[in-house]
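Read-outs: derived from the displayed coordinates by stated rules, not from any lab. Predicted, not measured: the structure shown is a model, and the values here were computed from it. Every residue, glycine as well, gets a Cβ built from its backbone with ideal geometry; the counts of neighbours run over all protein chains shown.
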Amino acid sequence: MRQPGEGEQLKGILEGNEEVIKYVYRRNLPSITKFVVSNSGTEADAEDMFQEALIVVYDKLRKDQLKLRSSLSTFLFSICKNLWMKVLRKNKKSVNKLEGEELIADENLIESIEASEKYLLYRKYFRMLDPRCRQVLSLFISGVKTEEVMSVTGYSNAHLRKKRFECKKKLIEMIEKDPAYIEHAQRSQL
């Protein structure tokens, strides 16, 4: 495969093009791994940070909100660095600077990271719901009309409303008990 340009890489991420995403991994993961490993992390930690960074990029692309002021590689590195520094602060560890790498303190970037973290929490606990709850909530999230959801699930209108309420309540309760959610809520109150 020839090396895709930056525009092709962004398009590939948005479209889920496996070859392009593999290229983005090969091109960027080594520098992120070097940074994370040299700052008390593991290769697995670096991969986690990189996957979260790709989610941020994908989400911004999907919402047509990505305005790169640097290269995609620099942007991905900055997201990973911000995420990893947050982990280190949480664990009260210090950071070793890499030469030539600057931390981008962009409010939009920080908001994107926080939105990504919220989405990952939601996704984690959504998967833990029983299959019927996942089905009901997925249908409503997808914008399916109540009558159609009733037809698919076989629930009466009253039972469907009760089931939807119970499922949402269970999901919210699980998320609110997560340490990452509690930490975020405490930071937001400061």
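How many nm is it between the label spots at ARG2 and SER73, if each spot is 7 Å from the Cα in line with the beta carbon?
1.9 nm
Over 18 Å between Cα atoms, which of LYS118/LYS168; LYS118/LYS177; LYS124/LYS162 qualify?
In this structure, LYS124/LYS162 exceed 18 Å between Cα atoms.
Starting with the fewest neighbours, write out VAL57, VAL149 ranked by other beta-carbon atoms found within 10 Å of each beta-carbon. The partial results should precede the final answer.
Details: VAL57 23, VAL149 20.
Listing VAL57, VAL149 from fewest to most nearby Cβ atoms yields VAL149, VAL57.
First measure r as the distance between the Cβ atoms of GLU19 and ALA44, then evaluate 1/(1 + (r/R0)^6) with R0 = 30 Å and state the FRET efficiency to the nearest 0.05.
Values: r = 24 Å, r/R0 = 0.79.
It comes out at approximately 0.80.
Within 10 Å of each residue's Cβ, count the other Cβ atoms and sort VAL152, VAL36 from fewest upward.
Values: VAL152 12, VAL36 25.
Starting with the residue having the fewest Cβ neighbours, the order is VAL152, VAL36.
May I ask you to sort ILE172, ILE141 by Cβ crowding, counting other Cβ atoms within 10 Å and putting the fewest first?
Ordered by Cβ neighbours within 10 Å, fewest first: ILE141, ILE172.
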